[in-house]
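Only the coordinates and a few stated rules stand behind these numbers; no lab work does. Nothing here was measured: the structure is a model prediction, and the numbers come from that model. Don't worry about glycine lacking a Cβ; one is built from the backbone with ideal geometry, like all the others, and counts go over all protein chains shown.
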Amino acid sequence: MVNNILQFLESSELSDFLFPFKVLFIIISIAFIFAIFYYYIKAGFLIATNKRRINDFLSFQKFDSKKILTQRAKKISTFLNKRDYKRAILMMEELLIDALKDKGVRGDNLYKMIENSSIADINEIKNIYTIAEEIKEGQGYILNMEELQKLFDACEEALRRLEIIT
């Protein structure tokens, strides 16, 4: 019984039958790998974030978080256009979370961190959080340029109050 099963599994007929399936699955696997790399490269802010993390890890010295956060705030200002506004809002949220963590504020998300912080104008920052959450959930949130600039100004003001940027 066992010999018959082993003989069937080692037979050339089974191998010939499975060969097209092997080729098909190899092609599909390669296509998925290319798709993963394509979307990873397409989302440039992921690469920038990973480069920053790798550089921070490999440089065995304490990095100046204020300088890095200021550079990130300047980079966000380049995304303040109709095409990249969603990326800008998500980057603003991430920047505020990192800035609040640097100041020792605890919380699971930006909303809870804002509640625990000493930022005076909380409503505009809460708007950044709610819009970012809607974007993450895939809702088609449309923002005009005036509102986007207002959110960015609120983000900058919060960073000034936290003494991250001057």
Quiz item: By a straight-distance test (C-alpha under 16 Å), which lysines pair with Lys82 as possible cross-link partners, with residues fewer than eight away in the same chain excluded?
Solution: Lys150
Practice problem: Using just the helices of the chain, give the 222 nm mean residue ellipticity in deg cm²/dmol: DSSP H runs with n ≥ 4 each add -39,500 (n - 2.57), and the total is spread over all residues, rounded to 500. | Solution: -24500 deg cm²/dmol
Self-check item: Residue (of Asn127, Ile26, Met1) at the positive-pole extreme of the chain, dipole from beta-carbon charges
Solution: Asn127
Self-check item: In degrees, nearest ten, helix 145-161 long axis to first principal axis of the chain (Cα)
Solution: 70 degrees
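Loop by DSSP (not H, G, I, E, B), at most 12 other beta-carbon atoms within 10 Å: where is the longest site-free stretch of the chain for chymotrypsin sites (Phe, Trp or Tyr not before Pro)?
On the way: sites that count: Phe60, Phe63.
Maximal segment without exposed cleavage sites: 64-166.
Within the chain, what's the longest run with no GluC sites (Glu not before Pro) in a DSSP loop and at most 12 other beta-carbon atoms within 10 Å? Give the range, please. Write down the numbers at each step before the final one.
On the way: sites that count: Glu10, Glu137, Glu163.
Excluding the exposed sites themselves, the longest stretch runs over 11-136.
If you put +1 on each Lys and Arg Cβ and -1 on each Asp and Glu Cβ, how big is the dipole of the chain around its Cα centre, in Debye rounded to 20? Walk me through the intermediate numbers first.
On the way: 24 positive and 23 negative charges, 137 e Å.
I would put it at about 660 debye.
Take the alpha carbon atoms of the chain, find their radius of gyration, then divide it by 2.2 N^0.38 Å using N residues; give the quotient.
Details: Rg = 24.5 Å, N = 166, 2.2 N^0.38 = 15.3 Å.
Dividing the Cα Rg of the chain by 2.2 N^0.38 Å gives 1.60.
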Self-check item: Positive-pole candidate from Leu110, Cys155, Ser77, dipole of segment 64-161, charges at beta carbon
Solution: Ser77
Quiz prompt | Whole-Hz couplings from phi, Karplus 6.51/-1.76/1.60, listed for segment 19-28; x for Gly and Pro | solution = 4, x, 5, 4, 4, 4, 5, 5, 5, 5
Practice problem: Name the aspartates and glutamates eligible as straight-distance cross-link partners of Lys22: C-alpha to C-alpha under 18 Å, and not fewer than 8 places from it in the same chain. | Solution: Glu10, Glu13
Practice problem: With 10 Å bins from zero, work out the P(r) of segment 2-42 over every alpha carbon pair and list the percent per bin. | Solution: 26, 27, 23, 16, 8, 1
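In µm²/s, what is D for segment 64-161 at 4 °C and 1.567 mPa s, where D = kT/(6 pi eta Rh) by Stokes-Einstein and Rh is the Kirkwood radius from Cα pairs? Let's see the in-between values first.
Details: Rh = 13.4 Å.
This corresponds to a translational diffusion coefficient of 96 µm²/s.
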